[in-house]
């Protein structure tokens, strides 16, 4: 029994000592952007025409690889950024108009994507 009392005292002391500890991470913005990217759906121009979608505006995303040891730009990452920007405008759909690599003096590789953000109803209105 004395061992059990000692363990309870140790556990209680540790719990009390750790009660004021807080942790700070950047997980919040990362997780938030992941959720925003999954909420917004990508449509083609012919698919979006089947809905009574409301155009919210144009969205753009770009990436500059400044150093050779950085990741190269890729379309999937930029489309995810377009989706996050679409969500910030209140949209749930995006039509990617163009993604292209562009010459840039400051970047080893530079890529940009442009699209249109939409508020899309859940059901198609046109066959």
TODO: With only alpha-carbon atoms counted, please give the Rg and Dmax of the stretch 71-127, in Å.
DONE: 14.2, 48
TODO: Starting with the highest mean, order 62-68, 50-56 by the number of other Cβ atoms within 10 Å, averaged over the residues of each peptide.
DONE: 50-56, 62-68
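None of the figures in this text is laboratory data; all of them are computed from the coordinates on show. Note that the structure is a prediction, hence the values are computed from the model and not measured. Using ideal geometry, Cβ is built from the backbone for each residue, glycine included, and neighbour counts are taken over all protein chains shown.
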